[in-house]
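Let me begin by presenting the structure, written as structure tokens, before commenting on it.
The values are calculated or read from the model by the stated rules, or taken from the named source; none is laboratory data. Keep in mind it's a predicted model, so treat the numbers as computed, not measured. Every residue, glycine among them, receives a Cβ derived from its backbone with ideal geometry; neighbour counts consider all protein chains shown. Only protein heavy atoms, including side chains, enter the accessible area calculation; ligands, DNA and RNA are left aside. Shrake-Rupley method; radii C 1.70, N 1.55, O 1.52, S 1.80 Å.
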Amino acid sequence: MSESEINKFEVLAEIIRSRRAIFPSQYIAEPIESDVIDQLLELAKWAPTHRMTEPWRFTVISGNARIRLGKFLAETYKNISSENFSQAKFERIAKKCTQSQYIILICIQYDVLKRVPEWEELAAVSMSVQNMWLACSALGIGCYWSSPSLKDHISDFIPMEAGMKCLGMFYIGSFDGSWPIGRRAAMTDKVQFITS
């Protein structure tokens, strides 16, 4: 490898290793410019996609719409929780939206021609979100993918086409704390090599 290739690899490896979930309760009030969100979405589209189906669909929630989404999610939680209702959780759900500067609803549009297995479409959307997550890490922006059961009710908040499904919310906010240190087990117990 050339020195340039090694340098690119090292930068990418560090971004991958430093990717962390930074939660809305950790965000600060410093604004994130909308062009940063545009750049994240631009990188999202470069995920691998079998047969070029590009199954990712995103809805960006900002401004007062965050309050509306928070109220919707909290009320939905209240309506479906019955005897398990927790006032603290109700408040936490709504607050999470206002603590975030942006919430990207992560949706999938399954291939109506069924040329691609559903798991491949799901993998494509996941890699698309990973692209945004890595970009946020490189920029020092906090983000977090949450997939509560409430996601199954998002079609009551935004219009969704046939074959679409919400996979969760990608919360984004400014962060100036200490970047968390990650831990992973060694790969020795998870990989085997077959040579003949």
- [ ] Round to a whole angstrom and tell me the spacing of the C-alpha centers of segment 9-75 and segment 122-196.
- [x] 9 Å
Open item on the list: Tell me the carbon and sulfur percent of the accessible area for the chain, rounded to whole percent, probe radius 1.4 Å.
Closed with: 55 percent
Open item on the list: Checking the table 71/114; 45/151; 45/78 against a 25 Å threshold on Cα-Cα, which pairs fail?
Closed with: 71/114; 45/78
Task: Rounded accessible area of residue 42 (nearest 10 Å², 1.4 Å probe) - done: 90 Å²
- [ ] Provide the solvent-accessible area of residue 196, counting protein heavy atoms only and rolling a 1.4 Å probe, rounded to the nearest 10 Å².
- [x] 140 Å²
- [ ] Return one whole number: the accessible area per residue of the chain in Å², for a 1.4 Å probe.
- [x] 62 Å²
- [ ] For segment 1-117, would you read off the P(r) tail past 26 Å as a percentage of all alpha carbon pairs?
- [x] 44 percent
TODO: Starting from the residue with the highest accessible area, list 103, 80 in decreasing order, probe 1.4 Å.
DONE: 80, 103
Task: Gyration tensor (alpha-carbon) shape descriptor, segment 85-196, a/c threshold 1.5 - done: oblate
- [ ] Round to the nearest 10 and report in Å² the accessible area of residue 189, as given by a 1.4 Å probe over the protein chains' heavy atoms.
- [x] 140 Å²
TODO: Could you order 89, 190 so the one with the most accessible surface comes first? Probe is 1.4 Å.
DONE: 190, 89
- [ ] If a/c stays under 1.5 just call it rounded; otherwise compare a/b with b/c (prolate if a/b is bigger, oblate if not). Do that for segment 130-191, with a ≥ b ≥ c from the square roots of the Cα gyration tensor eigenvalues.
- [x] oblate
Open item on the list: Under 5 Å between amide hydrogens, which residues at least 5 positions from residue 168 or on another chain qualify, with H placed 1.01 Å from N in the peptide plane?
Closed with: 106
Task: Candidates 36, 112, 60, ranked by Gaussian network fluctuation over the chain, Cα under 10 Å, top entry - done: 112
TODO: With a 1.4 Å probe and all protein chains in place, put 134, 69, 43 in order of accessible area, largest first.
DONE: 43, 134, 69
Task: Residues of segment 95-120 with amide N under 16 Å of the 7 Å Cα→Cβ point at residue 62 - done: 98-105
Open item on the list: Explain nothing, just compute: Karplus ³J(HN,Hα) = 6.51 cos²θ - 1.76 cosθ + 1.60, θ = phi - 60°, for every residue of segment 104-114 in order, whole Hz, x for Gly and Pro.
Closed with: 9, 6, 8, 10, 10, 10, 5, 4, 5, 7, 6
Open item on the list: How tilted is helix 34-44 with respect to the longest principal axis of the chain? Cα atoms for both, answer in degrees (0 to 90, nearest 10).
Closed with: 50 degrees
Task: Hydrodynamic radius (Kirkwood) for segment 19-61, which is based on Cα pairs only, to one decimal in Å - done: 13.0 Å
